[in-house]
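Take a look at the structure below.
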Amino acid sequence: MEETLAQLNLAQREAVEHIDGALLILAGAGSGKTKTLTTRLAYLIGVVGIDPANTLTLTFTNKAATEMRDRALRIIPCETPYPPMLSTFHKFGLLFLKFHIDMLGRKNNFTILDTDDKKKILRTLMKNLNIDLEISFVASEISKYKNALISPQEAMNTATLSDYKKVAQIYQYYQTHTHKNNVVDFDDLLMLTYQILDENKTLREETSQRYRYIMVDEYQDTNELQFQLLKHLCSTHNNLCVVGDDDQSIYGWRGANINNILEFGEHFKTTKTIKLETNYRSTQPILNAANTLIAHNTRRLGKTLKSHRGEGEAIKLIHSFDENDEAKTIAQKIRSLLDSGVKANEIAVLYRINALSRSLEEGFTKERIAFKLIGGMRFYERAEIKDAIAYLRVITNTSDNFSFLRIINTPKRGIGKTSVDKLQHASTQQSLSIFDYARTVPSLMLEKILGKKMVKSLQTLIEDITLLQEEIHHQGDFITQFESRFKLKSYYAAMADGADRLLNIDEFYGYFRDFSNKYPTLELEDFLNEITLQSDQDQIEGDAITIMSVHASKGLEFEHLFVIGLEEEFFPLLGDGCNMEEERRLGYVAITRAKSHLTLCYADSRFYRGKRKMIERSRFLGEAGLLLRNERVQITEETPFQKGDFVKHPIFGIGRVEGANRVGRNYKLTINFGGDRRDIISRYVTPLESFL
């Protein structure tokens, strides 16, 4: 054990040897947080003599839990009668419920629902309630309610929009259904555990006494439910050690609450804070950029990373005309790296927006560079893109039954599977494609198969396709006509991940327009053939480089890293719901994935909302202290305001922010002052919390 301790730096060792009381280990990127956490667990058990049964270490993934358990057991200087409790939050909840769910009047032989099971139950409930909403949206909102500890009744009372009132109604029936059938979903594992502890003081104190030494990894990613659960587990003591990095809190969009780590010292008395600032991953120029960028955030605990590796190569910048030029340049540079002997698994390309992968995929395919897309599907394999392509295929070839079956009820037209099967059977008997059969047979015959309402929907679809077959030969904007008739964007916008899907559709539409402008004499089928060839990697062999979003890259590291799309509105994202401090934390995470060679890329133009647009380079380039042609990139004024925030104006009083948009170097806020909506520049209002 002493040999293990000797390998730690001073800050790590101080954290390991801290025994009693609340401890916040503020661990910067690449600072050895896992090593510190596992060594502390081993120290408590193997040196201090704490019973393993009195420890509880919580993580977010089974992989992390297994790795930390194995590491800790290897360095404990003596054998333990049983291993320490080290699991994910949800595994802990499952074990707890097996012993105590009877306190809620439920049996411990409950079944855990997977995502598909949950959606099947919700579909049935929605059908019975005659509610038509996107299933992914409903499932996501119910999950958010549970993780925010909002009951069905509270959800109903606070809902202001019709769709959210419907979700609250479904939530009520869903909870009744799961209780009656003795099933629980993933979120219930924690919510019901919290409920039991909250309602039973004796059990709460007994559980807290059992787990007298609690440690939590990635604390910046905890949500409200996890925070409240931890408070109950620590109700009889203050021995909570959390490890995290407020500068890497990038999951606010899925419920993570950065206040949990920022306000840790306020929640748990006499907290000791230890900062791990020695970075073992990156060279100093990379850390200089990361430190300088993140220093622009106002809501942070503050630390400065220092490189254990020392100086290294300066950060490179690639300035491209557009995304195709960018992809070509990166592909050529990666080809040179591979030819020089660099291993493919040491190279990665990151982006903020998934839609940006399209040009990369095409550029690498043309250069015959094998790639793997982490944390998502390839561009042309995404459902919304496959739907758009299926429509185009039917427009060019009405005999394509496979594509027609894909679009017949996307968006929803009320044509169910049974009706589709009948239609397919009838068309086969007539030796016609489904499209041609539905177009040629009399309406009365179709009504016998489908019913009058479905026939009308089907005929509208056929008419729209027929009209677009004519439109494609005109000089008008085909894509505008295409979207106005099929409304794919409206359909996908209603989904839980609608924003990402809309960006993908816009990217596809923009690429179609670009292709049409470049090759005005080519037919629609030429475009379809082109994208089929571009998305085919079957002939590419060998190791693959990694392409992924910044979110997916967290926790990883690469010797050679490229980050693309460093432009305003792409990285950072702007507009409603934008949290600039979280965007900046994403930039910090992206930069700190690089070990020794970092290249940041920006372009003069990209597709934006389906049209090519000239764009400004990202403010983050300037905020990171990088110089471009001897000029610093202009830094835009920050706005701390988000949609829904209350603000105070010296004349108009208190109002609620409904929108925030950048105008030049400032932000214009749309504020509702008791029904009187006004556009006000951000510097003329103050957050209401400043007066509370």
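Extents of the range 339-421, largest first, come to 58, 24, 19 Å (Cα atoms, principal axes, whole angstrom). Can you give the log10 of the normalised intensity I(q)/I(0) at q = 0.09, 0.22 Å⁻¹, computed with Debye over equal Cα scatterers of the range 152-288? Debye curve over Cα of the range 152-288, log10 I(q)/I(0) at q = 0.09, 0.22 Å⁻¹: -0.41, -1.36. Within the accessible surface of the range 231-359, defined with a 1.4 Å probe on protein heavy atoms only, the carbon and sulfur portion equals 48 percent.
Net charge near Ser596: determine it from the other residues with C-beta under 11 Å of the C-beta of Ser596, scoring Lys and Arg +1 and Asp and Glu -1. Let's see the in-between values first.
On the way: positive: Arg281, Arg309, Lys595; negative: Glu311, Glu313, Glu346, Glu557, Glu559.
Net charge in that neighbourhood comes out at -2.
Once you reduce the range 383-415 and the range 114-164 to the center of their Cα atoms, the two points are 29 Å from each other.
How large is the Kirkwood hydrodynamic radius of the chain, counting all unique pairs of alpha carbons, in Å?
Working: mean 1/r = 0.0351 Å⁻¹.
Every distinct Cα pair counted, the radius reaches 28.5 Å.
The smallest convex shape that holds all Cα atoms of the range 1-78, its convex hull, gives 102 Å³ per residue. In a reduced charge model with +1 at each Lys and Arg Cβ and -1 at each Asp and Glu Cβ, the chain shows a dipole moment near 1120 debye about its Cα centre. Across the range 200-242 the C-alpha pair distances fall into 10 Å bins from zero in the proportions 30, 54, 16 percent.
Tell me, what is the per residue accessible area of the range 266-375 in Å², probe radius 1.4 Å?
Details: 5020 Å² over 110 residues.
Value returned for the range 266-375: 46 Å² of accessible area per residue.
Given 10 °C and 1.306 mPa s, compute D for the range 245-348 with the Stokes-Einstein relation, Rh being the Kirkwood radius over Cα pairs; round to the nearest whole µm²/s. Stokes-Einstein gives a translational diffusion coefficient of 92 µm²/s. Proximity of backbone amide H atoms, modeled 1.01 Å from N, is registered between Ile654 and His649 at under 5 Å, excluding neighbours fewer than 5 places apart on the same chain.
Quarter the surface of the alpha carbon convex hull of the range 80-175 and you get the mean projected area, 8.0 square nanometres. Over the Cα atoms of the range 465-506, the radius of gyration divided by the Kirkwood radius equals 1.09; this is the Rg/Rh ratio. Heavy atoms of the protein chains alone define the surface here; on that basis the range 382-519 has 49 Å² accessible area per residue at 1.4 Å probe size. Stretching Ile131 away from Lys448 to a fully extended chain increases their span by 111.4 nm, per 0.36 nm per residue minus the current alpha-carbon distance. The heavy atoms of His425 offer some 110 square angstrom of accessible surface to a 1.4 angstrom probe. Here the accessible area is traced with a 1.4 Å probe on the protein chains. For the range 1-113, carbon and sulfur cover 53 percent of it.
Looking at the range 398-536 from every direction and averaging, what is the projected area of its Cα convex hull in nm²? The Cα convex hull of the range 398-536, projected and averaged over all directions, gives 9.7 nm².
Using the Karplus relation 6.51 cos²θ - 1.76 cosθ + 1.60 with θ = phi - 60°, the per-residue 3J(HN,Hα) values for the range 679-684 come to 9, 10, 5, 4, 6, 8 Hz, with x marking Gly and Pro.
Remark: the range 102-233 is approximated by an ellipsoid whose semi-axes, taken from the C-alpha gyration tensor as √(5λ), come to 29, 17, 14 Å, largest first. Between Lys422 and Lys456, the simple spin-label model (points 7 angstrom out along Cα→Cβ) gives 1.7 nm. Each distinct pair of alpha carbons in the range 293-352 adds a 1/r term; the inverse of their mean, the Kirkwood radius, is 15.2 Å. Each listed q (0.17, 0.31, 0.33 Å⁻¹) maps to a log10 I(q)/I(0) for the range 54-95, found by the Debye formula over equal Cα scatterers with no solvent: -0.45, -1.13, -1.19.
In order along the range 146-152, the phi-based Karplus estimate (6.51 cos²θ - 1.76 cosθ + 1.60, θ = phi - 60°) of 3J(HN,Hα) comes to 5, 6, 9, 6, 9, 6, x Hz; Gly and Pro are listed as x.
Considering only Cα atoms, the convex hull volume of the range 152-229 works out to 129 Å³ per residue.
Equivalent-ellipsoid semi-axes for the range 1-147 (Cα gyration tensor, √(5λ), whole Å, largest first): 41, 19, 12.
With the convex hull of the Cα atoms taken as the outline of the range 371-467, the averaged projected area works out to 7.3 nm².
Potential lengthening of the chain between Asn672 and Lys366 amounts to 105.0 nm, from the contour at 0.36 nm per residue minus the alpha-carbon distance. Each residue of the range 310-327 was assigned a 3J(HN,Hα) from its phi angle through the Karplus curve 6.51 cos²θ - 1.76 cosθ + 1.60 (θ = phi - 60°); the sequence is x, 5, x, 5, 5, 5, 9, 10, 10, 10, 10, 6, 8, 5, 6, 4, 4, 4 Hz, with glycine and proline shown as x.
Of all the accessible heavy-atom surface of the range 185-224, with the other protein chains kept in place and a 1.4 Å probe, what percent is carbon and sulfur? Spell out each step's value before the answer.
Details: 590 of 1500 Å².
It is 39 percent, rounded to a whole number.
The values are calculated or read from the model by the stated rules, or taken from the named source; none is laboratory data. Only a predicted model underlies this, so the values are computations on that prediction, with no experimental measurement involved. Quick reminder, even Gly has a Cβ in these numbers, built from the backbone with ideal geometry, and neighbours come from all protein chains shown. Surface accessibility is based on the protein's heavy atoms, side chains included, excluding ligands, DNA and RNA. Shrake-Rupley method; radii C 1.70, N 1.55, O 1.52, S 1.80 Å.
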